[in-house]
Structure formats: structure tokens, C-alpha cells
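What follows draws every value from the coordinates through simple rules; no lab data is involved. From a predicted model like this one, the values you see are computed outputs, not experimental measurements. Cβ placement follows ideal geometry from the backbone for every residue including glycine, while neighbour counts extend to all protein chains displayed.
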Amino acid sequence: MPADYKKKVIIALDFNNIKDAKNLIHKLEGEAYIYKVGLELFLNCGNEILIFLKRAGYKIFLDLKFYDIPNTVYNAVKSAGLFGVDIINVHASGGIEMMKAAKKGLLEAQETAGKKIELFAVTVLTSFSSEDVKEVFDFHNNCVYGINQENTAESIALHLAGLAEKSGLDGVVCSPLESLSIKKKFGDNFKTITPGIRLKENNIKKQNTLEKENSIKNRHDDQKRITSPSEAFRNKADYIVVGRPVAHAAEPLASLKKIYRDIETC
Ligand code: C5P
């Protein structure tokens, strides 16, 4: 199993209010070390949750997935870095110029904050299947050269990871299914963060009816390129992101412990 694995499991605080977020943090006290604040929570309570997490000593992944013109992203990353978070991300499809601008903003924020901040690029969302990728980019008409038609999501993820690496980013956010190929191509120092994590028992198809209804109501499961936590680490993920399987479980601590037990089988 990976050393210090509990510090590599990022819990997504996907809530629309700070009270629910704090409630989860309280329930997982002593067992969780990194929290992810995404669009939903940040738009609802802004910096307040970041201040709370920092004071309590947690690491923070501010998952706002910036995608804009280089100058805007430069300023956004710099402002995000000045909040004192530990991980920030942008979309790799914003291109090299945008990612280099993001890196410049990050370096300036790092200097002021006096600490290392990691910058990652989102490759292909884990909610995309290869069919979704083809639909968005119109590959059905074969307009792009060199795409592996068998696994379009992976080949685009590898391509975008290459742009992120060229731009000097620390790594990429990708599916756990693609982490190993990315490591093979760009080396172990180029990091991967992998959402799309499901224990086999979380798989909606295998649940009984009542659980299925709760799953659909609570989790609206949209993730398509998924693996188990242990498989993600076998594929050399540096961090995994877990949201609904813990945050929206009836017993979040018990669910997190199940995830830890699965990781211990690596
Ligand atoms: O609930 P679930 O475990 O699917 O949550 C995954 C989290 O990771 C969500 O907060 C989502 O926004 C985030 N994420 C993702 N795919 C990416 C980047 C981030 O699912 N490519």
C-alpha cells in the first residue's frame, strides 16, 4: 500500500452550505487530511470555508478548474494562491499559453504565501465516456489525426497531459484508468490526481432497490471512467478524490474506513 496513504485521499466537500461541510469535517476528524473545495461550496461561502480548513490544519485543494484567456487565468490563479491553499487547477484544454500564464500567477502567489502550491491541469473529465469525447470534439467525422478510436478519452487525456507537462505544471487530474499510461509517458514525478473513485459496492448496478433509489437521489452518479481506490493507487495515482461515496453516505466515517481497507489491499 502507498506510504502515508491517508494523506493521499482528498475528500470533496460537495455541499451548498458551510454547515454541512463542517459537519462532515467533524465526523471525519483524525481520519481525513486533505479537503477539496469546489465550485458549489466556494460559490456559497467563499473564503470562509478556506479560513476554517486552514485554521484546523487541513490541506486544501481549491478545485475551480479555471479556463479563460491567459491574462484572466494568470490573475485568477494568483488570487487563488493568495488564499493559502495547497492545490489549484486549470483546464489543460485552455492551452500552453494559458497554462504558462497560470504557472506564472502561481509562482508569484507562492512567493507571497511563502509555501509550495501545486498546480494541476484537468485533462478529460471523468464523467466523459469515449463516446462523449467524440460527441464534443466531433471525432465521428474523423477530423482529428492520430486519435485512437478505440479509447478516445485516454488518447486525448495523454495528449492534454503532454501540454500540461510542457507548460511546467506539477501534474494532471485524470481518470484512474489513465494514470498509469500518463506515468509511463511522463515519468513518476509528473503527478496524477484521480477522481472517479468507486468501491465495487458503490456501483449502482449491483445495489438492491432501496440503496439504488438512495444512490440515484443522493449521488446522481455521473462518473463513467472509474476504478476502485486500490486500483487507482496500483495505477500510481498520487492522490485520489472521493466525493459522494463518503460525503453523502449514511455513515461517512464508516465509508471512509472501507475505502482505507480497500487501499490496504494494494
Ligand atoms: O462524488 P464524486 O466522488 O464523483 O466526486 C468527484 C469530485 O471530483 C467532484 O467534486 C468533482 O467535481 C471532482 N472532479 C471530477 N473530475 C475531474 C475533476 C474534478 O470528478 N476531472
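General observations
- If the segment from residue 79 to residue 97 were pulled out straight at 0.36 nm per residue, it would be longer than the present Cα-Cα gap by 4.6 nm.
- Per-pair calculated FRET efficiency, R0 = 35 Å: residue 40 and residue 166 via Cβ, rounded to 0.05: 0.65
- Computed E for residue 201/residue 135 - FRET, C-beta separation, R0 30 angstrom, nearest 0.05: 0.45
- Most tightly packed first, judged by the mean number of other beta-carbon atoms within 10 Å of their residues, the peptides 174-181, 36-43, 123-130 read 174-181, 123-130, 36-43.
- Relative contact order (%) - segment 5-263, alpha-carbon pairs under 8 angstrom, separation at least six: 18
- 261, 55, 225 arranged by Cβ crowding within 10 Å, fewest neighbours leading: 55, 261, 225
- The lysines within cross-link reach of residue 224, meaning a Cα-to-Cα straight distance under 18 Å and a gap of 8 or more places when in the same chain, are 134, 200, 205, 206, 212.
- A straight Cα-to-Cα reach below 12 Å connects residue 19 with the aspartates and glutamates 48, residues fewer than 8 places away in its own chain not being considered.
- Distant-in-sequence amide H partners of residue 63 (H built 1.01 Å from N, under 5 Å): 37, 38
- Residues in segment 18-45 reached by a label modelled at residue 56 [backbone nitrogen below 13 Å; 7 Å Cα→Cβ]: 18-37
- Within a straight-line Cα-Cα reach of under 15 Å, residue 8 can be paired with the following aspartates and glutamates, leaving aside sequence neighbours fewer than 8 residues apart in one chain: 31, 86, 118, 231, 238, 262, 264.
- Under 5 Å, built H, 5+ apart or other chain: amide partners of residue 191: 171, 172
- Point-to-point label distance, residue 250-residue 23, nm (Cα→Cβ direction, 7 Å offset): 1.6
- For segment 5-263, the alpha-carbon coordinates run over 46, 46, 31 Å along the three principal axes, in decreasing order.
- In this calculation the C-beta distance from residue 113 to residue 159 is compared with R0 = 35 Å, giving a FRET efficiency of 0.65.
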